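See structure below.
We did not get these values from a lab; they are worked out from the coordinates using the rules stated. Only a predicted model underlies this, so the values are computations on that prediction, with no experimental measurement involved. Cβ atoms come from the backbone with ideal geometry, glycine included; neighbour counts cover every protein chain shown.
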Amino acid sequence: MQEGGLSAMRAYWILPNREQRDDILASDGKTVAPLRQILDPRARPQGFSHGIPAEILEKCGPQAFEQVLFAQRFPAWDGGKQLFSIFSTAGFDSTGRVVHLGLLFVLEPDEQPRFELTCASLPKADQVYARTLINRMRSTGANDAWARSVRELSELPPSRGPATNVLLERSSARFYSLYSAGPGGLAPKPAIWRKPLAVSIVSLILFAVLGMWLSVRGCGRSSLPTAQIGVVIWHFN
């Protein structure tokens, strides 16, 4: 939240698409409207998700669906504002497909999402999931690793660029992330610098070995020109 002024935060619920309709619906807490009226599809950043990506659910398995949270952050969006979104699972539709409930925040550059939100205007089937999501994000419990990863994402400096709370491997867009997801939950993603460092060390060793081999080979050849010249001169004589 910005100091010395009123918050400019705008927050919207993204409702589960239980009927698999073409329009995804959203609510500002009072009215319900198509999401495209709130966030123009032409202005959506590359990689923006309308739910939890299938690859994350596949990695975690059905037993963890209720715990999974997926969040994205797009700093420097639309004149310096930033987009921040969070999704949780919200049960299944009539065909057995997982549906998602989300929160979309439009924030100022240095603003963080706040969770003093109402869900009274949401359909009753969705209010339980909405309250659960709000309570998880308000809680400071250390046992909820997924909620903690979302809070850490909100605190990242904008210089990190587009970011997610967990690693995406199938996305066409590139995201910075701190965690990877799996059957055991979340695990810290290996530091980015380790791989280039290992590659650099191996490269230095290879160059050193190559240099020594060339040096030895060069020394072995250094006496050849004299001998060959002698042979050539003797032949012509």
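For residue 78, neighbours were defined as the other residues whose beta-carbon sits under 13 Å from its Cβ, and their charges (Lys and Arg +1, Asp and Glu -1) total +2. The rule of thumb for compact globular proteins, 2.2 N^0.38 Å, goes into the C-alpha radius of gyration of the stretch 10-188 0.96 times.
Each peptide in 71-78, 108-115 was scored by the mean count of other Cβ atoms within 10 Å over its residues; highest first, the order is 71-78, 108-115. For residue 189, a cut-off of 15 angstrom between C-alpha atoms picks up these aspartates and glutamates, skipping any fewer than 8 places away in its own chain: 152, 169.
Full extension of the chain between residue 46 and residue 144 gives 32.4 nm of extra length, using 0.36 nm per residue less the Cα-Cα distance. Please report the net charge: other residues with Cβ closer than 9 Å to the Cβ of residue 55, K and R +1, D and E -1. So the surrounding residues net to 0. Among 155-166, 40-51, the peptide with the highest mean count of other Cβ atoms within 10 Å heads the list, and the full ranking is 155-166, 40-51. Counted by Cβ distance under 14 Å from residue 20, the other residues give a net charge of -1, where Lys and Arg count +1 and Asp and Glu count -1. Here the dipole of the stretch 10-188 is about 40 debye; that uses its Cα centre as origin and unit charges on the Cβ of Lys and Arg (positive) and Asp and Glu (negative). With each label modelled as a point 7 angstrom along the Cα→C-beta vector, the residue 18-residue 36 pair spans 2.4 nm. Taking label points 7 Å from Cα along the Cα-to-Cβ direction, residue 176 and residue 127 give a separation of 4.0 nm. Sorted ascending by nearby beta carbons within 10 Å, beginning with the fewest, 175, 105 become 175, 105. Stretched out straight at 0.36 nm per residue, the stretch from residue 92 to residue 108 would grow longer than its current Cα-Cα span by 2.3 nm.
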